[in-house]
1. Where both residues lie in segment 106-225, what percent of DSSP beta bridges are antiparallel, nearest 5?
2. Under 11 Å from a point placed 7 Å out from the Cα of residue 90 along the Cα-to-Cβ direction: which residues of segment 17-50 have their backbone N that close?
3. Just from its helices, what would the mean residue ellipticity at 222 nm be for the chain, if runs of 4 or more DSSP H residues each count -39500 (n - 2.57) and the sum is divided by every residue, rounded to the nearest 500 deg cm²/dmol?
4. From zero up to wherever the largest Cα-Cα distance of the chain sits, split into 10 Å bins and tell me the percent of pairs in each.
5. Order these by the 10 Å Cβ neighbour count, fewest first: 201, 107, 258.
6. Order 183-194, 14-25 from most to least packed using the mean count of other Cβ atoms within 10 Å.
7. What's the exposure ranking of 234, 41, going from fewest to most Cβ atoms within 10 Å?
8. Have a look at the DSSP beta bridges in the chain and tell me what percent are antiparallel, nearest 5.
Ligand SMILES: [Zn+2]
């Protein structure tokens, strides 16, 4: 029998909770660690629809990249999607676990998965955490062969199934060194420039932040969902090697709150 705590311990051995950012809320958000695991559903976001899906497929544990609860709940009366998700999960005995910025920070975490999608070699962490030598934010690596900026943009669009890319002025030079950061990566722009990367792939850039590229790097905003949906596979690959006693499934719900036309 596998208990929820067996899964959380395995995940935390890989992506320790102390690597999460101060604003984060990674870990077991809802659920009893002693409970037996009947099935696990892996999702990017644990929304109400994902809880519904878990119930329908007989999974009593959701492992998500994004925590459903960030800053605490003072009232739980169903007035917003966070409260409704929490209520639904508790009522139906569905546990929710989040593996978030701690999974971003480890060397074989989300940014490694993003680097895999691009085939990056000679990888290193873009900004190391204080006192660590292989834990930190973002990643930088080389394409096996330099390609033109336009070819690279098309490659990114395809590999990340992105409908739309937003990017800064092209610099008319080949792309070989690539910096990446899953999620909101604008805080790493300076480090990406310092690393001498030709491009920086991330998401959630705001209008004024695009100016900060200063024609030193091409910033490519691929969308938050598009950048991080690969974390599902990352978690699946890790857990499927460790456990065989329960069904492990990917969520089929598209939780992207953004549509493109
Ligand atoms: Zn994210």
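All of the numbers you see were taken from the coordinates with simple rules; none came from a lab. This structure is a prediction, so every number in the text was calculated from the model and none was measured. Methodologically, a virtual Cβ is constructed for each residue, glycine included, from the backbone with ideal geometry; neighbour enumeration extends over all protein chains shown.
1. Counting DSSP beta bridges with both partners in segment 106-225, the antiparallel share is about 60 percent.
2. 30-31
3. -9000 deg cm²/dmol
4. Reading upward from the zero bin: 7, 30, 33, 21, 8, 1.
5. With the fewest neighbours first, 201, 107, 258 line up as 258, 107, 201.
6. Descending packing order for the listed peptides: 183-194, 14-25.
7. 234, 41
8. 45 percent
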